[in-house]
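Before any comments, here is the structure.
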Amino acid sequence: MTLDRRSFLKALGVGSAASLAACATPGGGLSMAKSGGRRVVVVGGGYGGTIAAKYVRMLDASIEVVLIERNRQFVSCPFSNLVVGGMLNDLSTLTVGYDKLAANHAIKVVYDTVTGIDTAAKTVTGSTGTIDYDRLIVAPGVDFRFEELEGYDPATTPEIMPHAWKAGPQTLLLRRQLEAMRPGGTVIISVPATPFRCPPGPYERASMIAMYLKRSKPGSKVVVLDANPDIVSKAGLFRKAWAKHYQGIIDYRGAKRVTGVNPRNMTVSIEGLEDVKGDVINVIPPQRAGDIARAAKLTGPDNRWCPVNATTFESTVAKNVHVIGDACIAGAMPKSGYSANSEAKVCAANVVALMNGRETIEMSGINTCYSFVSEKEAVSVAGVYAVKGGAIISVPNSGGVSPDLSETEAIYAKSWINNILVEMTT
């Protein structure tokens, strides 16, 4: 029968109790034999992968779950712009580990880089060995289409023109460059064409950098070169914030696609027709699904994003493989941390249903995204999503943007990041 809301919640309770009684085994390598039952392997320990692993175990503690992640700690991209702008001193509050997740839910966490996925043999390979699976959940996030930027060397250019679109060393490098910039200098932010991770992110970053320049670098400005014709998310609210706080500091230019870079001269090229020079240049490259998804041939005809069944998130090109988060094509759902969290829960419920011969549940998704526009104000956008005609759509008359710039929204935002990081890692 169909797993309705009441059954879903009941399953969560039963599964949670069972998982707490199990013994966690974090670490180790991939060469492990099954314990005799069924196994789900999850690749990627970000906003989607952690939740998928956790909820599979909560819903059915008889399923062995192995989470493979290359890093021993997760650093959140949401809120990392506050580090760039100086509102947070470092990344420590955005950095979490996996030990509690492993212990609380008996998830086997393996720290390894996945180098291959054989969807026919149903195996995943890394540097420490090969592991088989019954179902595979892939949550690899994004990688970059560097090749579309003339003059861009992936090995050296990010150290001169940081993208900071994966939180960590790049975030701190961009902040140091801003601190070292002369007063009266120019910061350039290049925004790629959609789709990309976190649609409001570049505009929040422009706000945070402008806030820092206003306070610490008088006479400086931010030039936003946007490949899109207009601000792609919360446009009215960002414009209102910029007019209120950063008049004469933010120079927004729509329909200006950066197609080349010259790190030596510190310039970017717009469509090969116009060069713009900056003292600090934040090049956010065009994006695609994480490299392992492409290597496993989980991407569609354009070799960029992964097509999935809108209800189960099972790949439409590989059986028994599910793709969630930024890497998948999720219709109207944006590529965001909260979207990945929501997709992971639906995916986990349906993976468990499929492995137990039950009917799948209907997809119901949510997303909320907060953006800081000043030290005390934030704005938000929210959405509710469902499946119609085989595609994920935005439910009419649901969600929307916050009514104004708001200190209350900033409080909500801080609560959101604290809560979601705790949910991911405990």
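The values are calculated or read from the model by the stated rules, or taken from the named source; none is laboratory data. Predicted model only: the values in this text are computed from it and were never measured. FYI the Cβ positions are ideal-geometry reconstructions off the backbone, even for glycines, and counts take in every protein chain you see.
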All but one of (1) in contact with a Pro (Cβ under 7 Å, 6 or more places away or on another chain); (2) of a type outside the set (Asp, Glu); (3) surrounded by 19 or more Cβ atoms within 10 Å (Cβ to Cβ) hold for Pro140, so report the exception by its number. (1)
When residues of the stretch 253-273 are filtered for being in a strand (DSSP E or B), closer than 13 Å to Ala193 by Cβ and in contact with an Asp or Glu (Cβ under 7 Å, 6 or more places away or on another chain), how many remain? 1
So which helices (runs of 4 or more DSSP H) are wholly in the stretch 31-131 and hold at least 3 residues that are within 24 Å of Ser342 (Cα to Cα) and in contact with a Ser or Thr (Cβ under 7 Å, 6 or more places away or on another chain)? 49-59, 99-105
Of all residues in the stretch 115-125, which are buried (at least 19 other Cβ atoms within 10 Å of the Cβ) and under 22 Å from the mean Cα position of the chain (by Cα)? Ile117
Against the condition touching a helix residue (DSSP H, G or I) at 6+ places or on another chain (Cβ under 8 Å), modelled with pLDDT of 95 or more and over 26 Å from Ala330 (Cα atoms), how does Leu421 come out, does it pass? no
Working only within the stretch 67-90, note down all residues that are under 24 Å from Thr130 (Cβ atoms) and buried (at least 23 other Cβ atoms within 10 Å of the Cβ). Leu67, Ile68, Glu69
Here are the criteria: (1) small (Gly, Ala, Ser); (2) part of a loop (DSSP other than H, G, I, E, B); (3) touching a strand residue (DSSP E or B) at 6+ places or on another chain (Cβ under 9 Å). Tell me which single one Gly219 does not satisfy. (3)
Report yes if Pro218 is over 18 Å from Gly248 (Cα atoms) and modelled with pLDDT of 95 or more, otherwise no. no
When you scan the stretch 91-114, do you find a residue that is among the basic types (Lys, Arg) and surrounded by fewer than 18 Cβ atoms within 10 Å (Cβ to Cβ), even just one? yes
Any chance the stretch 156-166 includes a residue that's on the phi > 0 side of the Ramachandran plot, in a loop (DSSP other than H, G, I, E, B), crowded, with 23+ Cβ neighbours inside 10 Å and touching a residue at least 24 places away in the same chain (Cβ under 8 Å)? yes
I need every pair where a residue in the stretch 368-384 that is among the charged types (D, E, K, R) has its Cβ under 8 Å from the Cβ of a residue that is assigned to a strand (DSSP E or B), sequence separation at least 6 or different chains. Glu377/Ser406
Reported set for the stretch 295-314 where residues are in contact (Cβ under 8 Å) with a residue 60 or more places away in the chain and either more than 14 Å from Gly390 (Cα to Cα) or assigned to a strand (DSSP E or B) (or both) is Ala295, Ala296, Lys297, Leu298, Arg304, Trp305, Cys306
Starting from the stretch 56-76, take each residue that is not assigned by TED's automatic domain parsing to the domain that holds Thr125 and list its partners that are outside any loop (DSSP other than H, G, I, E, B), counting only C-beta distances under 7 angstrom and pairs at least six apart or across chains. none
Counting only residues that are among the hydrophobic types (A, V, I, L, M, F, W, C), assigned to a loop (DSSP other than H, G, I, E, B) and out of contact with any helix residue (DSSP H, G or I) (no Cβ under 7 Å at 6 or more places or on another chain), the stretch 137-155 contains a total of 2
Might you check whether a residue that is crowded, with 24+ Cβ neighbours inside 10 Å and modelled with pLDDT of 95 or more occurs anywhere in the stretch 355-365? yes
